[in-house]
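First up is the structure itself, then whatever we jot down about it.
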Amino acid sequence: MTTVQQALFAAVAQLRAAGIDTAPKDARRLLASALGIAPDRISLHMHDPLDDFDAFAQIAFDGLLTKRAARVPVSHLLGGREFYGRWFTVTPDVLDPRPETECLIAAALAAPFATFLDLGTGSGAIAVTLAAERPATTGIATDISVQALDVAGRNAESLAVADRIGFVQSRWFQAIDGTFDLIVSNPPYIALDEMDGLQPEVQLHEPRLALTDEADGLSAYRTICAQAPAYLTWQGRLMVEIGPTQAAAVSQMMQDAGLVQVQVLQDLDGRDRIVAAHMPQ
């Protein structure tokens, strides 16, 4: 009879053979899902037979492993992922929220704001987190994709902030009126010539529209930086996530738009990740 430990060891080997660098972590998360327990409780059950949990646990686990070995993202297999301490539904219609984007949240929360605008919201991870962390705020979240807005709306509902976020189908500022204390965005920043180098999980399973501008990776920033001043309150802030080689170009765009106090912030790996600026006083 197969134990939890035996199943886990075999799963790690299978995923490593498929070229997955995160095999131990992924195997643990998928096994926990198949067993119906939290990943951090796997260690308590290492010597228990799989059949003690569910007669079909091994079948369910095998199915998840087969799909993961085919490079389906773990978030798609589990139906979501944790971001900034909260669970977000994730589907193939939206980008999988990355830990690096939590740096944008931390930077945004470092100063007060009453209103915010999230451009290209995708899963709603940024907008929903900002609203959840600052209960007195209201915001608007946009996306060109109706399917993405549906996912974001569901996340807002499940995390009890839907009454404070308006979801608008818009290409950047196209359908937006008014001004905001904070404008944030994690736009498509991968250049066309970089797409072939992406991991299969990203290249095959995430929406291309949210990954690349089909050009040099800077198109969205040109629009956002040029138009943002018209939508910012006095001393309002603009913050965008960037690719690690784009800081100089995006910083210059913000300066050219008349924004001041331009800053480049790094992620936990020390890579340039956020460019931020203020409206002048």
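The values are calculated or read from the model by the stated rules, or taken from the named source; none is laboratory data. Just so it is clear, the structure is predicted and the values come from calculations on it, not from any experiment. Glycine also receives a Cβ, built like all others from the backbone with ideal geometry; neighbour counts cover every protein chain displayed.
Of these, L209, L182, which one is surrounded by fewer than 18 Cβ atoms within 10 Å (Cβ to Cβ) and outside any loop (DSSP other than H, G, I, E, B)?
None of the other options fit; the residue is L209.
If only one of Y231, Y221 is of a type in the set (S, T, Y), surrounded by 18 or more Cβ atoms within 10 Å (Cβ to Cβ) and within 19 Å of the chain's Cα centre (by Cα), which one is it?
Y221
Being of a type in the set (A, V, I, L, M) and in a loop (DSSP other than H, G, I, E, B) is the filter here; which residues of the stretch 235-281 pass it?
I242, A257, L259, L268, M279
Note down all Cβ pairs under 7 Å where the first residue falls in the stretch 234-260 and is assigned by TED's automatic domain parsing to the domain that holds D193 and surrounded by fewer than 20 Cβ atoms within 10 Å (Cβ to Cβ), the second is among the hydroxyl-bearing types (S, T, Y) and in a loop (DSSP other than H, G, I, E, B), and they're at least six residues apart or on different chains.
Close Cβ pairs (under 7 Å, with a partner that is among the hydroxyl-bearing types (S, T, Y) and in a loop (DSSP other than H, G, I, E, B)) amount to G243/Y189.
Looking at (1) more than 21 Å from the chain's Cα centre (by Cα); (2) closer than 30 Å to A18 by Cα; (3) small (G, A, S), which is the only condition G197 fails?
Here G197 clears every test but (1).
Output the number of residues of the stretch 74-86 satisfying the condition of being without any contact (Cβ under 8 Å) to a residue 60 or more places away in the chain and more than 14 Å from T101 (Cβ to Cβ).
5
Considering each residue of the stretch 2-26, count those that are in contact with a Leu (Cβ under 8 Å, 6 or more places away or on another chain), of a type in the set (A, V, I, L, M, F, W, C) and in contact (Cβ under 8 Å) with a residue 40 or more places away in the chain, and give that number.
Total satisfying the criteria: 4.
Looking at (1) at positive phi; (2) touching a Cys at 6+ places or on another chain (Cβ under 9 Å), which is the only condition D256 fails?
(1)
For the stretch 116-157, which positions are touching a residue at least 60 places away in the same chain (Cβ under 8 Å), touching a strand residue (DSSP E or B) at 6+ places or on another chain (Cβ under 7 Å) and in a helix (DSSP H, G or I)?
Within the stretch 116-157, I126, V151, R154, N155 qualify.
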